[in-house]
Amino acid sequence: MPYVSLQEYFPEVAKQETRSITVFPGSGSRLPPNDYGFLEMYCDEPGCDCRRVLFYVIARSRPGVQAVIGWGWEDVDFYARWMGSGDQTEAARLKGPALNLLSPATDLAPALVDLVRNVLLQDSKYVERIKRHYQMFRENVERNRRRQRRRPRKRR
């Protein structure tokens with residue numbers, strides 16, 4: 001399933017509502033001091049209802065993506081049913097938060113997963129924001145799908 005940045009469809013929302021966390025010197029974090037941004041990516045496959053987000057984590061003073069962390073807000077059983085396999089281990093990985101296996105990751109990735117788990121996802125307002133962004137994104141994907149179906153075809 002292809003994932004697309006929230007910024008792609010909703011640039012103003014992404015600009016205003018993308019979360020960042022600053023780790024200060026002496027904070028006791030396993031992460032080095034830096035500003036870490038959590039860019040939201042959502043599935044844009046029509047008909048999909050995976051209820052997940054991928055966080056592309058960037059750092060102000062380090063080049064490139066530091067980690068790609070997947071998280072789903074439903075319970076593990078939902079993901080087992082969604083996959084159709086009943087595999088609880090894989091379903092737990094989909095629920096996350098967990099590193100996206102085939103995506104870039106730096107040496108900071110494990111500590112960034114902990115930051116997502118212990119800071120970002122402990123903020124209930126932020127979790128609700130993620131769900132709202134997902135819903136907006138999905139509605140846009142499905143609206144575009146309906147428009148494409150209605151386009152008249154050119155006759156030869």
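None of the figures in this text is laboratory data; all of them are computed from the coordinates on show. Given the structure is predicted, the values throughout are model-derived calculations rather than measurements. Positions of Cβ are generated from backbone atoms using ideal geometry, with glycine treated the same way; all protein chains shown enter the neighbour counts.
Quick notes on this one:
- Interchain or long-range residues, amide H under 5 Å from residue 59's placed H: 37, 66
- Residue-wise HN-Hα coupling along the stretch 18-31, computed from phi with Karplus coefficients 6.51, -1.76, 1.60 (Hz; x: Gly, Pro): 5, 7, 9, 10, 9, 9, 8, x, x, 6, x, 6, 6, 8
- Length released on extending from residue 90 to residue 114, taking residue separation times 0.36 nm less the Cα-Cα span: 6.7 nm
- Compared with the alpha-carbon gap, the fully stretched path from residue 146 to residue 27 is longer by 37.9 nm at 0.36 nm per residue.
- Potential lengthening of the chain between residue 122 and residue 76 amounts to 14.7 nm, from the contour at 0.36 nm per residue minus the alpha-carbon distance.
- All alpha carbon pair distances within the stretch 3-150 were sorted into 10 Å bins beginning at 0; the resulting P(r) in whole percents reads 11, 39, 35, 13, 2, 0.
- Spatially near lysine pairs across the chain, Cα under 24 Å, sequence gap of 8 or more or different chains: 4
- In a simple Cβ point-charge model (Lys, Arg +1; Asp, Glu -1; nothing else charged), the stretch 73-122 has a dipole of about 60 debye relative to its Cα centre.
- Estimated Rh, the stretch 62-134: Kirkwood, alpha-carbon pairs, angstrom: 13.2
- Cut-off 13 Å between beta-carbons: net charge of the residues surrounding residue 37, Lys and Arg +1, Asp and Glu -1: +1
- Of the peptides 68-79, 12-23, 86-97, the order by per-residue mean of other Cβ atoms within 10 Å, starting with the highest, comes out as 68-79, 86-97, 12-23.
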